[in-house]
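Report on one structure; see the data block that follows.
The values are calculated or read from the model by the stated rules, or taken from the named source; none is laboratory data. Note that the structure is predicted; figures quoted are calculated from it, not measured. Every residue, glycine among them, receives a Cβ derived from its backbone with ideal geometry; neighbour counts consider all protein chains shown. The accessibility values were calculated without ligands, DNA or RNA, using every heavy atom of the protein model including side chains. Shrake-Rupley method; radii C 1.70, N 1.55, O 1.52, S 1.80 Å.
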Amino acid sequence: MTAEITYLEAIREALFEEMERDANVFMLGEDIGAYGGAFKVTDGLMAKFGEQRVIDSPISEIGIVGAAAGAAHMGMRPVVEMQFIDFIANAYDMLTNYVATARYRAFLPCPMVVRGPSGGYVRGGPFHSQNPEAGFIHTPGLKVVYPSTAEDAKGLMKSAIRDDDCVLFFEHKYLYRRIKGVMPEGDVTVPIGVARVAREGKDVSIITYAATVYKALEAAELLATEHGISVEVIDLRTLAPLDDEAIEKTVRKTNRVLVLHEDTRTGGIAGEITARINETCFEWLDAPVLRVTAHDVPLPYAPPLEDFVLPQVSDVVRAVRRLAAY
Amino acid sequence: MAAAGHPSGLSRERQLELYYWMRLTRTLEERLVALYRQTKVVGGLFRSLGQEADAVGSAFALERRDILSPLIRNLGSMLVKGATPVEILKQYMAKADSPTRGRELNIHFGDTERGFIGQISPLGDMVPVMAGVTLSFRMRGEDRVGLVYVGDGATSTGAFHEGINFAAVQRCPLVVVVENNGYAYSTPTSKQTLAKQFIDKAIGYGIPGERADGNDVIASYEVTRRAVDRARAGGGVSLVELVTYRRKGHAEHDNQSYVPDGEIERWEKDNDPITRYIDRLQGELKFKVADVEQVDARVRAEVDAATDEAERSGPPEALDALVGIYADPPREQPLWYRQDVASAVDAHERPEGWGTWQEGGRK
Ligand SMILES: Cc1ncc(C[n+]2csc(CCOP(=O)(O)OP(=O)(O)O)c2C)c(N)n1
Ligand SMILES: [Mg+2]
């Protein structure tokens, strides 16, 4: 009952339970059926639900995302796997031009989920490490979710499948087997659009999501014990729509904010969050909002290069100390 | 037209060279497996075991001035085009002086001088790119052709379709080689296409298509050579299907649980391209056992020397990460919190679950 399961298993549990709950839910993707997916997220689904509902597709991202949209118009609830989220770029046209505009321009609902392994710190090189959320957050009509805990991964997946619009569900592959959690009893969803306080604090806030939540928590521990700085960590969980209320609340509480993400800097969501804080909470700030992000570089393969490009705990510590010193 | 004992007009030296490239491919990959198990290969490891003939034979049909775009099973094609074992080893091991200086992984690199352009992971993308490469040959009246590989799986991408169609309409001097190895990761060809054979797709593009036994190195050479000659003579795009079999998993971590029992063993026993060619060399072509053994010894020595050299190289410097995104500026500046920091971590962790992941074990 109270056994811990991994972030990855939590996602699988959500898929199982949603397929059981609603016969309209079905899976589409490359190698997701007989093989159970490149990371085994969908392992066992085909055995349980059959080839009709767990479809091994050709290597055709445009095809499966487009087909999901059509099926969704007809009342189905497709869940499409990108073998790596990097390949969502192939379906960019379908998602941004077709899916994102469907409700607004044609009153056609697209209740579908596009999910897949995302993110770096795994020596995956430039095409198996990406965080492409910014391009989709920028597109009105899409919702974007990126959980950091096993419980949220499960609860948000359930919400994503039940949502009446298209939800892009980013799963961090560095967290897949590293992060574990105990699932709540019963059919529990986590609402889309609501952030979470991952650690309470009073001096400085770190607003972040996905794998860098753990960089923030590690830094917070260090800052507390070594520098006497109390850090609050906000895990956004959903990137579109942003939880403005949670952001404002933490700004008003600590008056010093660091926005942290693994995505590259220019055009990343940290810029958007910073702008919103400026607009709504300027008088609450005791320091400029700072960003810790990846460098603006395609993510390289060699460990010293990847580690240099991506944000690390020591960067967070440095940035928080600068904020605290204002 | 080949004289007896001289298939395809290949000299005896060239006949033995085909064997050399296939043996080099296999021995080099075996060395990579050893390095992978020692965790010296940083990411995943991709094998072309059982596909050496289609890679080597097809690339052998090109001239040095021609340009080829390899895929993940085309280590042999790259070697024929002049990539060296030490480059391959350094690349897999993410060394500072690897061809991409640690930026890209496995065999994702190229050299336009030697005539090969590095692939990217998104499948199919190299087809339109090679359409453009060969379009430029045509526009400038250069006597050069291009060759691009796609897997059976990659033929399902939009990029493949758009690229081959555009090249066909423009009558680009391009050979598109479909390496039909039965699987795309775990997906059998029957779930990839209802076409009975990939050359059936050529009809739809209005181009010639020809199919051959990809485990026969001479047949792979000959069929590709015909397409290359056609392209060189102004005959435009051809589709060549080389039928082969992927005996290893998609990458080393893949335990091939989806493969029917006995299938791999059958291909290994009855249809190993290297064994088949050795039989032919020593039979019909009348080479001596010693000729073949000499090649084996040479390959072993070369791979040993390359390994020693690759192991001596170090990892890249962290700050090299910021070099070369644009021609101008030539380097990015470190972000403010890294201004005077050489490395932001104490140790470069090598995550489980990537490359080394073995849940369920090997088959
Ligand atoms: C557009 C795109 N989608 C998915 C992938 C993930 N992927 C990498 S290799 C592969 C299978 C490739 O099969 P095939 O084209 O037959 O080549 P093979 O590995 O058999 O040589 C897949 C699905 C990818 N690289 N690119
Ligand atoms: Mg294949």
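For the stretch B:211-268, a tally of residues being assigned to a loop (DSSP other than H, G, I, E, B), buried (at least 22 other Cβ atoms within 10 Å of the Cβ) and more than 16 Å from ligand 2 (Cβ to nearest atom) returns 2.
Exactly one residue out of A:Thr250, A:Thr280 is open to solvent by 60 Å² or more (accessible area, probe 1.4 Å) and farther than 26 Å from A:Arg177 by Cβ: that is A:Thr280. Looking across B:Val41, B:Val33, B:Val86, one residue alone is open to solvent by less than 10 Å² (accessible area, probe 1.4 Å) and either within 14 Å of another protein chain (Cβ to nearest Cβ) or away from ligand 2 (no atom under 16 Å from the Cβ) (or both). It is B:Val41.
Every test in (1) polar (S, T, N, Q); (2) over 19 Å from the mean Cα position of the chain (by Cα); (3) more than 16 Å from ligand 1 (Cβ to nearest atom); (4) within 13 Å of chain A (Cβ to nearest Cβ) is passed by B:Thr189 save one, and that test is (3). Among the residues here, B:Arg114 does not qualify as within 14 Å of ligand 1 (Cβ to nearest atom) and basic (Lys, Arg).
Conditions tested, residue by residue: (1) open to solvent by 10 Å² or more (accessible area, probe 1.4 Å); (2) out of contact with any Gly (no Cβ under 9 Å at 6 or more places or on another chain); (3) more than 16 Å from ligand 2 (Cβ to nearest atom).
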site	(1), (2), (3)
B:Ile120	yes, yes, yes
B:Thr134	no, no, yes
B:Met139	yes, yes, yes
B:Gly158	yes, no, yes
B:His161	yes, no, yes
B:Asn165	yes, no, yes
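Considering the conditions (1) crowded, with 16+ Cβ neighbours inside 10 Å; (2) modelled with pLDDT under 90; (3) of a type outside the set (Lys, Arg), B:Tyr337 is excluded by exactly one of them, (2). Is there a residue being touching a residue at least 12 places away in the same chain (Cβ under 8 Å), more than 15 Å from ligand 1 (Cβ to nearest atom) and either surrounded by fewer than 21 Cβ atoms within 10 Å (Cβ to Cβ) or not assigned by TED's automatic domain parsing to the domain that holds A:Arg177 (or both) anywhere in the stretch A:53-68? So far as the stretch A:53-68 goes, yes, one or more of its residues are touching a residue at least 12 places away in the same chain (Cβ under 8 Å), more than 15 Å from ligand 1 (Cβ to nearest atom) and either surrounded by fewer than 21 Cβ atoms within 10 Å (Cβ to Cβ) or not assigned by TED's automatic domain parsing to the domain that holds A:Arg177 (or both). Summed over the stretch B:91-109, the residues that are at the interface with chain A (Cβ under 9 Å from one of its Cβ atoms), of a type in the set (Ser, Thr, Tyr) and in contact (Cβ under 8 Å) with a residue 24 or more places away in the chain give a count of 1. On the stretch given as the stretch A:151-203, residues that are open to solvent by 20 Å² or more (accessible area, probe 1.4 Å), part of a loop (DSSP other than H, G, I, E, B) and of a type in the set (Lys, Arg) total 3. Tell me, yes or no, whether the stretch A:204-211 has at least one residue that is surrounded by fewer than 24 Cβ atoms within 10 Å (Cβ to Cβ) and either modelled with pLDDT of 95 or more or more than 30 Å from B:Arg350 (Cβ to Cβ) (or both). No, the stretch A:204-211 contains no residue that is surrounded by fewer than 24 Cβ atoms within 10 Å (Cβ to Cβ) and either modelled with pLDDT of 95 or more or more than 30 Å from B:Arg350 (Cβ to Cβ) (or both). Across the stretch B:44-54, which residue is surrounded by the most Cβ atoms within 10 Å (Cβ to Cβ) among those that are within 22 Å of B:Tyr20 (Cα to Cα) and within 11 Å of ligand 1 (Cβ to nearest atom)? That would be B:Asp54. On the stretch given as the stretch A:89-110, residues that are surrounded by 23 or more Cβ atoms within 10 Å (Cβ to Cβ) and not in a helix (DSSP H, G or I) total 1. Across the stretch B:167-180, which residue is farthest from ligand 1 (Cβ to nearest atom) among those that are open to solvent by 10 Å² or more (accessible area, probe 1.4 Å) and assigned to a helix (DSSP H, G or I)? Among those residues, the one meeting the criterion is B:Val169. Within the stretch A:17-52, the residues that satisfy the criterion of being open to solvent by 50 Å² or more (accessible area, probe 1.4 Å) and more than 16 Å from ligand 2 (Cβ to nearest atom) are A:Glu17, A:Glu20, A:Arg21, A:Ala23, A:Asn24, A:Asp43, A:Ala47, A:Lys48, A:Glu51, A:Gln52.
Taking every residue in the stretch B:132-157 that is more than 8 Å from ligand 1 (Cβ to nearest atom) and pairing it with any residue that is open to solvent by 10 Å² or more (accessible area, probe 1.4 Å) and charged (D, E, K, R), at least 6 positions away or on another chain, the pairs with Cβ-Cβ distances below 6 Å are B:Phe137/B:Arg144; B:Arg144/B:Arg65; B:Val145/B:Arg232.
Restricting to strands (runs of 3 or more DSSP E) lying wholly in the stretch A:1-69: which have 2 or more residues that are β-branched (Val, Ile, Thr)? Result: A:4-6, A:54-56. Only one entry in B:Arg65, B:Arg114, B:Arg73 is touching a Gly at 6+ places or on another chain (Cβ under 6 Å), assigned to a loop (DSSP other than H, G, I, E, B), in contact (Cβ under 8 Å) with a residue 24 or more places away in the chain and more than 12 Å from chain A (Cβ to nearest Cβ), namely B:Arg114.
Yes or no, residue by residue, for (1) surrounded by fewer than 24 Cβ atoms within 10 Å (Cβ to Cβ); (2) farther than 23 Å from A:Val213 by Cα; (3) more than 16 Å from ligand 1 (Cβ to nearest atom):
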{"residue": "A:Gly119", "(1), (2), (3)": "no, no, yes"}
{"residue": "A:Pro132", "(1), (2), (3)": "yes, no, no"}
{"residue": "A:Ile137", "(1), (2), (3)": "yes, no, yes"}
{"residue": "A:Pro140", "(1), (2), (3)": "yes, yes, yes"}
{"residue": "A:Lys143", "(1), (2), (3)": "yes, no, yes"}
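From the set of residues in the stretch B:181-205 that are β-branched (Val, Ile, Thr) and assigned to a helix (DSSP H, G or I), which is farthest from ligand 2 (Cβ to nearest atom)? For the stretch B:181-205, the residue satisfying everything is B:Ile203. Note on the stretch B:66-89: among residues that are touching a helix residue (DSSP H, G or I) at 6+ places or on another chain (Cβ under 6 Å) and among the hydroxyl-bearing types (Ser, Thr, Tyr), the one that is farthest from B:Tyr149 (Cα to Cα) is B:Ser77.
When the stretch A:1-40 is examined, which residues are found to be away from every other protein chain (no Cβ under 14 Å) and without any contact (Cβ under 8 Å) to a residue 40 or more places away in the chain? Those that are away from every other protein chain (no Cβ under 14 Å) and without any contact (Cβ under 8 Å) to a residue 40 or more places away in the chain: A:Phe16, A:Met19, A:Glu20, A:Ala23. Could you list, in sequence order, all residues of the stretch B:103-118 that are open to solvent by 20 Å² or more (accessible area, probe 1.4 Å) and of a type in the set (A, V, I, L, M)? If the condition is that a residue be open to solvent by 20 Å² or more (accessible area, probe 1.4 Å) and of a type in the set (A, V, I, L, M), then B:Ile117 is the only one that fits. In summary, helices (runs of 4 or more DSSP H) completely within the stretch A:221-326 and bearing 2 or more residues that are of a type in the set (S, T, N, Q) and away from chain B (no Cβ under 14 Å) occur at A:244-254, A:269-281. Here the condition is being closer than 30 Å to A:Gly125 by Cβ, without any contact (Cβ under 8 Å) to a residue 24 or more places away in the chain and among the small types (Gly, Ala, Ser); of A:Gly267, A:Gly228, A:Gly271, it holds for A:Gly271 alone.
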